[in-house]
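Have a look at the structure below, then the notes.
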Amino acid sequence: MAGPLSWTDEPDGDEPPVRIGLHRVRIALVRPHRSAHHTVRDRESILVRWERSDGHVGWGECPTLVSAGYATETTDQAWAALVDRLLPEALASGRVAADPARPAACGALRDARLDARLRVDGVGLGGLVGAPATLPGTGVVASVGDDPTDVAAATLAVVATGSAVVKVKVVPATALEVVDAVLDAVGPVPLALDANGSFEPGEHDGILARLLAAPLRYLEQPFGPSVPQSAWSELAARGGVPLAVDESATSVEAVRGLVLDGACSVVSIKPARLGGLAAAARAASELSSLGASCFVGGMFELGVGRSSALRLAGAPWFDLPTDLGPSARYVALDVTEPVVDDAGRLVVPDGPGCALHPVPERLTAAEVERVEIVRR
Ligand SMILES: [Mg+2]
């Protein structure tokens, strides 16, 4: 599929921006987000504003967290890389330096540039990839540590929002009780689990055997990214529930072997983790051509990154529902207008560019730090 600027990270012929702004924002969560990695009570994210000399403006988001493990870099590391290196270089040359250790920071800058570029031609990313007007969604229940009956109740609440698939975060200690309680509660609704790498090969084989026998859509990231491919292959060879990768999917190279070996058949494609929308499009194109099912995974983005990822999620490479839910499920008041219709479906924005732009008053209210650099 042809795409915006042929899905390249460094399009030729674009002049440097006249100004780049970095906005660090903090917004309270509706409820704490608990996974195997962490508990988070508010969302801090970095928004990037790219201004061209013709007046067109683009926005991108770096949805890192304060701690590492989930994203490649922390928010502090991303901020430092942007301020110290990436912004000065972008202002001087219009290019975004490749930095494999800071994919989310690079991605935010590239996506802001792409958003501005598409707006010059009045073209929207959703239209370019052939996205439909609305998309089915996967609702995520992140209540690790809660009583299984409470997790089941939270899952039912997510089902009621119209999710096509429900994904529940689990850890070894409570996974079986949680799955039993949730399956009892939700009945035939397709269910997936996300272990965020909390299982160890050889240590939790009995629990994994029972999970693989359950009626699940997929089991996401049972092992951590550093666990050898052979352990994944052995687990997949037992049959049953398909295995999915998420944290392992830092590049096509990182997961190509797993897919070719049949060790995983589902891949969560996260634009920020892969270095931006164009890199995510390239990864989805290649991995789906190898036979993997793909979906656009959410990284807890605010509306800027969420709207861009949602437009990409409408591309034909993605055959499973995205787990980008409406941000109102997570944060009290996002910086953009909500991306959801009255029936709770995910609405793909149809205007030009990639991102929905922040509402100025909301941005001001959420901002905790700002840096602006102007080209001289
Ligand atoms: Mg995950």
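Details
- Failed item, numbered, when S163 is tested on (1) under 19 Å from the mean Cα position of the chain (by Cα); (2) away from the ligand (no atom under 16 Å from the Cβ); (3) part of a loop (DSSP other than H, G, I, E, B): (2)
- Some residue of segment 237-247 being out of contact with any helix residue (DSSP H, G or I) (no Cβ under 9 Å at 6 or more places or on another chain) and more than 16 Å from the ligand (Cβ to nearest atom): yes
- Test for R370: is it outside the structural domain of P190 (by TED's automatic domain parsing), at pLDDT 95 or above and open to solvent by 10 Å² or more (accessible area, probe 1.4 Å): yes
- Some residue of segment 196-203 being at positive phi, among the polar types (S, T, N, Q), assigned by TED's automatic domain parsing to the domain that holds D341 and in contact (Cβ under 8 Å) with a residue 40 or more places away in the chain: yes
- Count of segment 11-20 residues, restricted to those that are surrounded by fewer than 20 Cβ atoms within 10 Å (Cβ to Cβ) and modelled with pLDDT of 85 or more, is 4.
- Segment 27-42, residues that are crowded, with 19+ Cβ neighbours inside 10 Å and either in contact with a Leu (Cβ under 6 Å, 6 or more places away or on another chain) or over 26 Å from L86 (Cβ atoms) (or both): H33, S35, A36
- Scope segment 248-263; condition under 17 Å from L277 (Cα atoms) and either open to solvent by less than 10 Å² (accessible area, probe 1.4 Å) or within 14 Å of the ligand (Cβ to nearest atom) (or both); matching residues: A249, T250
- Conditions (1) surrounded by 24 or more Cβ atoms within 10 Å (Cβ to Cβ); (2) modelled with pLDDT of 95 or more; (3) among the charged types (D, E, K, R): number failed by D334: (2)
- Residue, farthest from S293 (Cα to Cα), within segment 197-220, restricted to residues that are open to solvent by less than 10 Å² (accessible area, probe 1.4 Å) and within 15 Å of the ligand (Cβ to nearest atom): F199
- Exclusive hit being open to solvent by 20 Å² or more (accessible area, probe 1.4 Å) and charged (D, E, K, R), set D184, D194: D184
- Criterion (open to solvent by 10 Å² or more (accessible area, probe 1.4 Å), assigned by TED's automatic domain parsing to the domain that holds A80, touching a strand residue (DSSP E or B) at 6+ places or on another chain (Cβ under 7 Å) and hydrophobic (A, V, I, L, M, F, W, C)) met by exactly one of L118, L109, L135: L118
- Filtered by the rule that a residue be open to solvent by 40 Å² or more (accessible area, probe 1.4 Å), under 23 Å from I207 (Cβ atoms) and touching a residue at least 12 places away in the same chain (Cβ under 8 Å), segment 154-178 gives T174, E177.
- Residue among A104, A142, A164 that alone is of a type in the set (A, V, I, L, M), in the same structural domain as E10 (by TED's automatic domain parsing) and in contact with a Ser or Thr (Cβ under 8 Å, 6 or more places away or on another chain): A104
- Every residue from segment 310-350 that is part of a loop (DSSP other than H, G, I, E, B) and within 16 Å of the ligand (Cβ to nearest atom): F318, L320, P321, D323, L324, G325, Y330
- Residues of segment 352-367 that are surrounded by fewer than 16 Cβ atoms within 10 Å (Cβ to Cβ) and in contact (Cβ under 8 Å) with a residue 40 or more places away in the chain: E367 alone.
The values are calculated or read from the model by the stated rules, or taken from the named source; none is laboratory data. Quantities reported herein were computed from a predicted structural model and do not represent experimental measurements. Backbone-built Cβ (ideal geometry, glycine too); neighbour counts: all protein chains shown. Just so you know, the surface numbers come from the protein's heavy atoms only, side chains and all, with ligands and any DNA or RNA stripped out. Shrake-Rupley method; radii C 1.70, N 1.55, O 1.52, S 1.80 Å.
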